[in-house]
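K.L.:
Right, I'll just put the structure down here and ask away after.
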Amino acid sequence: MSESAFSKLSLAEPLARAVAEMGYESMTPIQEQAIPVVLTGKDVMGAAQTGTGKTAAFSLPLLQRLLKHENASTSPARHPVRALVLLPTRELADQVAQQVKLYAKYTNLRSAVVFGGMDMKPQTAELKRGVEVLVATPGRLLDHIEAKNAVLNQVEYVVLDEADRMLDIGFLPDLQRILSYLPKQRTTLLFSATFSPEIKRLANSYLQDPVTIEVSRPNTTASTVEQHFYNVPDDEKRHAIKQIVRQRGITQAFVFVNSKLGCARLARSLEREGMKTTALHGDKSQDERLKALDAFKKGEVDLLVATDVAARGLDIKDVPAVFNFDVPFNAEDYVHRIGRTGRAGASGLAVTLVAPSDTRLVADIEKLLKRKIEIEALEFDEDRPRGRINDGRRAWRGNGEEEERRERSEPVAQERRREPRPPSAPKDPFFDQPYEPPAREEAPAWEATAKPANRISANIKPKRKVAALFKGE
Ligand code: AMP
């Protein structure tokens, strides 16, 4: 039996069966460390990101400990909420709830998920039938508490998952209220990508003598992320993305932006330029968001433009490239964003487009990563078809972003030729043709052994492989 085999945990048969069915061969580092601790009932403060297997790390031991309450009664009173899992976003809540359901499928323990943006009635009906494990976002849970649909006085376990993100979103008052409804005698598990001073304060207030567990990003030691910071004024950023996608033969990428409005606008504009693009942001309906995700996962779209909140923790791995169209306001988001690429030992590309006004934000990232960031010049192909460039600008302006372009032009941009645009829609065959991603049957660019460097413009500085973040730190 391997050292990290699940069988060494002696999980109850229904849980072991569910795990075996999932096809997990061995435990991930967070599972190896956290499961035995949670099984003892101790509080845990875990530094682990989504993608590390942390959902199983807390749900399996939690379900194991709840098995003593398992019963087949139809009476709701026999199924009070015993474990509460709080997450910052609907997608995360949905994702975690689905996993919990799979792990609990051979038990009589019930689970449910409640989050905003959906009708409360079906959620209410499910709560009234009784559930042992309740997965929720804070706002909607409070609605249910107020409506007396959820009673939390028998909660034995509470999981604050993606706690740093919950604080970022401003959920602290909601969390405090929710926690005030719970019995003092309980086990509290807190997971966060980072242990910021705010997280430590939260832990000091609500955790008792916690065991601290830290794991690095998955495959940290094996993977490499090639990071570039390019000096690109705002009005050239879309061209930069297009150019790099083309030069590198990138098949799929995440494009991060800082605002919902910017997200929708950028997605529309890239789409208009022939790139298969979809947007993921908080103003989209739940259904739209799930569809967007699904399309990206199936490879039907090439670019997923997303805000941090919408993208955080989504179970999408191994994206060949991540673009930071906007430098994140929060340096920690840089780590989360580029954690999307370079997983599973593959090399990934992370490109951050830095406008002149972003230098302070880059300095924050430098501080967090404890290394100097070199901002490189990105020179645009001069031989690229002109129609694409001008059309792009027209679309940008047409979207009412004129004021955002301001006087931010960089020397690089000023040197570029700017042909006057024809007044009517141009008939440029290149622009009109749909964007064609590189042949998918080939090995993806990020896995190919051939060095992508020979596809890079001679004007781009040679790539610098950097060990994945936090390696050895
Ligand atoms: P999480 O970090 O909990 O969101 O998990 C990320 C993904 O890893 C999910 O798709 C899980 O199904 C999967 N996963 C969790 N534990 C393991 C494991 N021990 N072996 C393989 N995959 C796992």
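K.L.:
Would you calculate the convex hull of the Cα atoms in the stretch 242-316 and tell me its volume per residue in Å³?
P.N.:
In the stretch 242-316, the Cα convex hull volume per residue is 87 Å³.
K.L.:
Full-extension gain between ASN108 and LYS8, please, as 0.36 nm times their residue separation minus the C-alpha to C-alpha distance.
P.N.:
Length difference between fully extended and current span is 33.6 nm.
K.L.:
Same structure, new question: What ³J(HN,Hα) values, in whole Hz, does the Karplus curve 6.51 cos²θ - 1.76 cosθ + 1.60 give for the stretch 22-30 when θ = phi - 60°, with x put for Gly and Pro?
P.N.:
In residue order, the calculated couplings are 5, x, 5, 8, 9, 7, 7, x, 5 Hz.
K.L.:
Then there is this: Let a ≥ b ≥ c be the square roots of the eigenvalues of the Cα gyration tensor of the stretch 92-194; is it rounded (a/c under 1.5), or, if not, prolate (a/b larger than b/c) or oblate?
P.N.:
Rounded shape, in that the Cα axes give a/c under 1.5.
K.L.:
Got a sec to turn the phi values of the stretch 296-302 into Karplus ³J(HN,Hα) couplings, 6.51 cos²θ - 1.76 cosθ + 1.60 with θ = phi - 60°, whole Hz, x for Gly and Pro?
P.N.:
Those phi angles translate into 5, 4, 7, x, 7, 10, 9 Hz.
K.L.:
Let me ask another. Of the listed pairs LYS8/LYS298; LYS54/LYS367; LYS121/LYS298; LYS276/LYS370; LYS101/LYS291, which have alpha-carbon separations greater than 30 Å here?
P.N.:
The answer is LYS8/LYS298; LYS121/LYS298; LYS276/LYS370.
K.L.:
Once the Cα gyration tensor of the stretch 79-124 is found, what semi-axes does its equivalent ellipsoid get, as square roots of 5 times the eigenvalues, in whole Å, sorted largest first?
P.N.:
Those come to 18, 13, 10 Å.
K.L.:
Let me ask something else. What list of ³J(HN,Hα) couplings, whole Hz, do you get for the stretch 182-192 from phi and the Karplus terms 6.51, -1.76, 1.60, once you set θ to phi - 60° and write x for glycine and proline?
P.N.:
Coupling constants for the stretch 182-192: 8, x, 5, 7, 6, 9, 10, 10, 10, 10, 8 Hz.
K.L.:
Provide the descending list of Cα extents for the stretch 1-114 along its principal axes, expressed in whole angstroms.
P.N.:
Cα extents, longest axis first: 42, 32, 27 Å.
K.L.:
I've got another one for you. Taking the square root of 5 times each eigenvalue of the Cα gyration tensor, what semi-axes in Å does the equivalent ellipsoid of the stretch 8-49 have, largest first?
P.N.:
Square roots of five times the eigenvalues give 20, 14, 8 Å.
K.L.:
Please list, in chain and number order, the residues 5+ apart from VAL44 or on another chain whose amide H is under 5 Å from its amide H, with Hs placed from the backbone.
P.N.:
Those qualifying (amide H under 5 Å, at least 5 residues apart or on another chain) are THR188, LEU189, LEU190, VAL211.
K.L.:
Would you order PHE195, PHE256 from fewest to most other beta-carbon atoms within 10 Å of each residue's own beta-carbon?
P.N.:
The order, fewest Cβ neighbours first, is PHE195, PHE256.
K.L.:
Counting pairs of Cα atoms in the stretch 225-384, how many percent are more than 28 Å apart?
P.N.:
14 percent
K.L.:
A further question on this structure: Working only with C-alpha atoms, what are the Rg and Dmax values of the stretch 6-214, expressed in angstrom?
P.N.:
15.8, 45
K.L.:
Neighbouring Cβ atoms within 10 Å as the yardstick, rank THR212, THR359 fewest first.
P.N.:
With the sparsest Cβ surroundings first, the list reads THR359, THR212.
Coordinate-derived values only; no laboratory data. All values derive from a computational prediction rather than experimental measurement. Note that we place each Cβ from the backbone using ideal geometry, even for glycine, and neighbour counts take in every protein chain shown.
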